[in-house]
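Nothing in this text is a laboratory measurement; each read-out follows from the coordinates by a stated rule. All values reported here derive from a predicted model rather than from experimental measurement. Ideal geometry is used to build each Cβ from the backbone, glycine not excepted, and the neighbour counts take in all protein chains shown.
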Amino acid sequence: MSTAGADKKPLRYSVRGKDTRFFSAEGVDELVAISMALAQELWVVKERLAAYEGLAAKKKVFTAKEIENFKFTPAQRAKLDAESQAFIDRVFFTLRERVEGLAADPDEPAPPKEP
Amino acid sequence: MTKYVNHALKVEPTPEEAARQTFMSSMRMYVLHDLANGMRTVYESEVEPKFERKNKRAPKDGVEVHRALKKDPTFKFYSSMRCNAQEMVFRSILPTVERSQDALNKKAKALSRSKKANGTVETDPKFKVPRSVSAIDVHRMPGNYDTEYAPDDVTQGAVYDNGISVFSMGFFGKNLDDIGSSISMFIQNKYPKFAPERILDMGCTIGHNTVPWAKAYPKAEVHAIDVGAPVVRYGHARAQAAGVPVHFHQQNAEATDFEDESFDLIFSSMFLHEVPKKGIKKVFKEARRLLKPGGLMLHMELPPNKMLGAYDSFYLDWDSYYNKEPFYKPFRDMDPQAVCADAGFAKNKFVQYIIPSLGQYGEKAVKDSVKKQTGKADDQTGRFAAGIHWYCFGAWK
């Protein structure tokens with residue numbers, strides 16, 4: 001991907017060399033990368049919505065240009081930054097669950113044996 | 001604390017680009033804090049006890065911790081997400097830099113020629129960039145410090161400045177200068193009579209940690225060298241914009257063209273771990289050649305493995321295996337005092353300090369740390385998280 005025009009040498013976006021893999025099952029490394037990119041894009045949408053909401057609350061009516069030029073106040077920015085941490089925690093909850101599961105009661109009733 | 005570049009060479013992201021960049025700072029915080037702490041909990045609760053049951057002892061070093069932990073899914077997710085986050089940081093700023101490339105090059109040229117400060121810059125079209133830089137995208141930064149896309153190009157300086165701003169989550173402070181600011185303040189208070197007339201920063205990249213030394217010792221003539229032409233050009237423009245005179249040179253710290261005994265203070269920050277072991281030895285010998293008698297060589301770095309426990313050694317060495325930092329572990333396995341001695345520095349002239357971050361702890365804590373040096377690292381030393389302490393070592397000549 002590049003934003004360069006046809007007459008310009010594009011910047012390189014990829015990292016040189018063989019990439020590092022961590023999972024033995026095929027495709028899992030790619031799924032992690034895709035999940036992270038999706039999470040990032042979803043966050044972009046959430047920020048954009050927050051901008052709409054910020055403006056809607058302020059003016060009741062808005063234009064696309066107004067949205068493009070909208071700047072969060074320092075207080076709004078701080079709130080969004082805090083919310084993004086909570087957002088990441090929700091998306092990757094499964095990873096935290098494993099750690100917290102270590103504190104499970106050893107006497108927890110076991111489910112029926114799988115057939 | 002700032003997440004974005006705010007000086008004269010700043011680039012303007014679109015709202016979508018800015019949101020991607022903000023997200024990456026948060027994502028890195030999640031990986032380096034939440035996932036990293038979770039991995040340690042899994043290690044201490046499951047992996048280490050299993051190792052001890054099998055071997056009747058605890059893991060003796062970072063390599064054994066690494067071997068024991070690497071099959072665990074927590075390690076795999078931490079590692080995979082950390083690698084991806086590293087690359088996504090740079091991908092989040094590249095479109096903004098690419099769109100601003102022509103304007104940046106013009107602005108940098110104008111700043112270099114301006115009279116805002118009397119710094120200079122020298123690059124050499126025939127300079128041979130060492131393979132340790134030209135053949136790898138260090139810490140997964142596409143283009144590294146040396147790729148040039150146009151004549152007199154500064155693009156990779158902007159990639160580094162903007163990328164590290166997102167990457168550092170604010171821990172490098174305003175203007176990314178916390179390392180230089182904290183350590184120069186410490187040295188001024190530790191050695192109030194030390195007044196260097198000439199200072200050299202080796203492996204300076206964009207000079208973000210050079211500028212604080214020039215501010216701390218305003219009467220000194222300050223030079224900064226790096227093998228990457230785009231970063232020294234950008235660094236010069238950046239220092240000029242700040243009104244701070246620094247002389248930038250495209251030179252290799254292993255063999256410079258400065259005269260013998262021409263500097264009082266030679267500094268580096270986060271440089272040695274990107275240099276092969278043979279090169280590090282040459283850098284120390286070169287520093288000794290360049291220092292005047294009574295001069296100080298001081299390198300800010302990750303703490304050596306010998307200062308840390310097995311888990312912390314594993315944790316810091318992770319970068320060497322997975323983050324395109326191949327020289328990181330070989331450097332951390334070296335004994336700082338022995339490397340200084342090998343280069344000819346007297347053993348009793350060796351110094352090492354652990355200094356609280358000025359941005360996070362404030363001036364009083366930095367000044368108080370002058371009298372509170374224990375020589376022992378804790379788990380905040382060199383670890384990129386809230387409450388960081390900077391490690392540095394070197395020797396007097």
Crossing angle, helix A:74-91 versus chain A [Cα axis fit, 0-90 degrees, rounded to tens]: 30
Chain A: calculated mean residue ellipticity at 222 nm from DSSP helix runs of at least 4, using -39500 (n - 2.57): -18500 deg cm²/dmol
Degrees separating the helix A:28-59 axis from the principal Cα axis of chain A, which is the longest one: 50
Relative contact order (%) - chain A, alpha-carbon pairs under 8 angstrom, separation at least six: 14
Amide H contacts under 5 Å for B:F248, placed H, 5+ residues apart: B:T120, B:V121, B:E122, B:A224
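Tell me, what is the percent relative contact order of chain B, built from C-alpha pairs under 8 Å that lie six or more residues apart? Could you put the intermediate results ahead of the total?
Working: 751 pairs, mean separation 72.3, N = 397.
For chain B, the relative contact order is 18 percent.
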Estimated FRET transfer efficiency (A:A25, A:Q85; beta-carbon r; R0 30 Å; 0.05): 0.55
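Hey, got the dipole for chain B? About the Cα centre, +1 on K and R Cβ, -1 on D and E Cβ, debye to the nearest 20? Numbers along the way, then the final one.
Values: 57 positive and 48 negative charges, 149 e Å.
With only Lys, Arg, Asp and Glu charged at Cβ, the dipole is about 720 debye.
Treating the beta-carbon of each Lys and Arg as +1 and of each Asp and Glu as -1, no other charges, what is the dipole magnitude of the protein assembly as shown about its Cα centre, to the nearest 20 debye? Intermediate values should be presented prior to the final figure.
Working: 76 positive and 67 negative charges, 204 e Å.
Dipole size: approximately 980 debye.
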Projected label distance in nm at B:D260 and B:K278, using a 7 Å step from Cα toward the beta-carbon: 2.6
For the stretch A:28-101, the Rg and Dmax computed from alpha carbons only, in angstrom: 15.8, 49
Around A:G101: net Lys/Arg minus Asp/Glu count, Cβ-Cβ under 12 Å: -3
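Please order B:T374, B:T120, B:T381, B:T96 by the number of other Cβ within 10 Å, starting at the fewest.
Values: B:T374 7, B:T120 14, B:T381 19, B:T96 22.
Exposure proxy ranking, most exposed first: B:T374, B:T120, B:T381, B:T96.
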Mean Cβ count within 10 Å, highest first, over the residues of peptides B:55-62, B:200-207, B:243-250: B:200-207, B:243-250, B:55-62
Within the protein assembly as shown, percent of DSSP bridges classed antiparallel, to nearest 5: 35
Fraction of antiparallel bridges per DSSP, chain B only, in percent to nearest 5: 35
Pairwise centroid distance, computed over Cα atoms, of the stretch B:1-49 with the stretch B:307-367, Å: 23
Dipole moment magnitude, nearest 20 debye, the stretch A:28-101 about Cα centre, only Lys, Arg, Asp, Glu C-beta charged: 560
Chain B, helix-only ellipticity at 222 nm - DSSP H runs n ≥ 4, -39,500 (n - 2.57), divided by all residues, nearest 500: -13500 deg cm²/dmol
